[in-house]
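Scroll down for the structure; my scribbles are underneath it.
Nothing in this text is a laboratory measurement; each read-out follows from the coordinates by a stated rule. Not measured: the values here are computed from a predicted model. Please note: Cβ atoms are built from the backbone with ideal geometry, for glycine as well, and neighbour counts cover all protein chains shown.
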Ligand code: URA
């Protein structure tokens, strides 16, 4: 199949095959290139191995014979994840998932990173596999801000340790920002901004400095805050917000 140019003179938008596959959430762009080179991708029934091919909305793309669906327009959703909801697409135990929270969205979106069952807050969902992959990559160090209620009266020393790094799994956490917001003597409220994404990281960090977490809310994912949303509610990102996320990576 010959190379196509962006402008085919028919007013249709064309994009590189690997980008379309990545956008559909099937693979990163690099992995999509490997699928193409391996002869696993077809356009309109013909296998393509070239990486420069461009496709339009009318093209039928299949990977391993499975149709990719139409040129899915990228969708970006900010969900205020409630507690007692799992951050997966499907749950073998039948629990409510973050996908259940965003019905009636029919596009196949998936969560970018995860929040624990008992953590609420800002969660991005998208069908743009490439952006999701990049946002989760440690290289881009996306900031995540959490408001935590922790046990006891937290000391300035404990806050400094949270900021400088605490050992988790034999490795110090990266420098973070920890702010004291108040205490009633029994518990304290802190705001913690981290850019790593280790498993249950905030809870484990708080525990490591002697103040187990009682409640955890992610208030911001990158520059996206929860303003105007209540737990369980969601909204589409504005074009400007989506652009800003893409510019970060
Ligand atoms: N850190 C945690 O401990 N839990 C989350 O859900 C997110 C970050």
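In whole Å, largest first, what are the principal axis extents of the Cα atoms in the chain?
In descending order, the Cα extents are 70, 36, 36 Å.
Between 83, 183, 173, which gets the highest mean-square fluctuation from a Gaussian network model of the chain, Cα cutoff 10 Å?
Result for the chain, Cα springs under 10 Å: 183 fluctuates most.
Under a plain spin-label model, where a point goes 7 Å from the Cα along Cα-to-Cβ, how far apart in nm are residue 89 and residue 51?
2.6 nm
Using the 10 angstrom Cβ neighbour count as an exposure proxy, how do 206, 101, 213 rank, fewest first?
101, 213, 206
Sort 80, 93, 186 so that the residue with the fewest other Cβ atoms within 10 Å of its own Cβ comes first and the one with the most comes last.
93, 186, 80
To the nearest 10 degrees, how steep is helix 239-248 against the longest Cα principal axis of the chain, on a 0 to 90 scale?
80 degrees
Report the residue, chosen from 18, 134, 201, that carries the largest GNM mean-square fluctuation when the chain is represented by alpha-carbon nodes joined by springs under 10 Å.
201
What distance in nm separates the two pseudo spin-label positions at residue 140 and residue 38, each 7 Å out from Cα along the beta-carbon direction?
Computed distance between label sites residue 140 and residue 38 equals 2.4 nm.
What FRET efficiency comes out for residue 200 versus residue 247 if R0 is 30 angstrom and r is the Cβ-Cβ distance? Round to the nearest 0.05.
Calculated value: 0.50.
So if we plug the beta-carbon distance of residue 29 and residue 100 into 1/(1 + (r/R0)^6) with R0 = 35 Å, what FRET efficiency do we get, rounded to 0.05?
Calculated value: 0.75.
Can you tell me the order of 174-181, 163-170, 146-153 when each peptide is scored by its average per-residue count of other Cβ atoms within 10 angstrom, highest first?
Final packing ranking: 146-153, 174-181, 163-170.
Taking only Cα atoms and a 10 Å spring cutoff, compute GNM fluctuations for the chain and point out the largest among 224, 68, 115.
68
Mean projection of the alpha-carbon convex hull of the stretch 143-221 over all orientations, in nm²?
4.4 nm²
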